[in-house]
């Protein structure tokens, strides 16, 4: 039986333009399901998942942020006290990669330099972004890059694991986790 009280709590935020697949990735990871008729996220939605990692129970509080321009003014508030973030790119839409600086600026203003994983989503579709462009973007920033498909459940758990590893590593460096 798993204990109910977590050893650690981490706020993880999903960043990226509207319709890149943030909500689908969260649904696939947290609930192991996918609603094909999912609508756009209005503001933010919260989800919680408990995971065992390094002999400790971690509570992941996952914030799925709406990507519409009208919510830009709220981004920093939603990102406050984040432990880590995903930046989701839709490989069928080049403009979704171009907005990375705006999203990261808001994240860093609100939460400081927290770990980020770039998620190259919808890899089950024909890409419109050259793969090396996303790799260069991730490498130049020192970010992990995970290719995913929420539809096919490809690498979704791996993306969350990679971010959790980075969050725990940063917390150990800051001595907030011993």
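Readers should treat all values here as calculations from the given coordinates under stated rules, not as data from a laboratory. Predicted model, so just to flag it, every value in this text is computed and none were measured. With ideal geometry, Cβ positions are generated from the backbone for all residues, glycine too; neighbour counts draw on all protein chains shown.
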> Once every DSSP H run of n ≥ 4 in the chain is given -39500 (n - 2.57) and the sum is divided by its residues, what mean residue ellipticity at 222 nm do you get, rounded to the nearest 500 deg cm²/dmol?
Replying inline: -10000 deg cm²/dmol
> Hey, in the GNM for the chain with a 10 angstrom Cα cutoff, which one of 133, 11, 22 fluctuates hardest?
Replying inline: 133
> Under a point spin-label approximation (7 Å from Cα along Cα-to-Cβ), what is the residue 175-residue 140 distance to one decimal in nm?
Replying inline: 3.6 nm
> For residue 80 and residue 54 in the same chain, what is the full-extension length gain: residue separation times 0.36 nm, less their Cα-Cα distance, in nm?
Replying inline: 6.8 nm
> Using r as the Cβ-Cβ distance of residue 125 and residue 32, and R0 as 30 Å, what FRET efficiency do you calculate, to the nearest 0.05?
Replying inline: 0.85
>> Between helix 131-141 and the chain, what is the angle of the helix's C-alpha long axis to the longest principal axis, kept within 0 to 90° and rounded to the nearest 10?
In response: 40 degrees
> Angle, helix 22-31 long axis vs. longest principal axis of the chain, Cα atoms, 0 to 90°, nearest 10?
Replying inline: 40 degrees
>> How would 125, 151 line up from fewest to most surrounding beta-carbon atoms within 10 angstrom?
In response: 125, 151
>> Compute the angle between helix 100-111 and the longest alpha-carbon principal axis of the chain, please, reported from 0 to 90 degrees and rounded to the nearest 10.
In response: 20 degrees
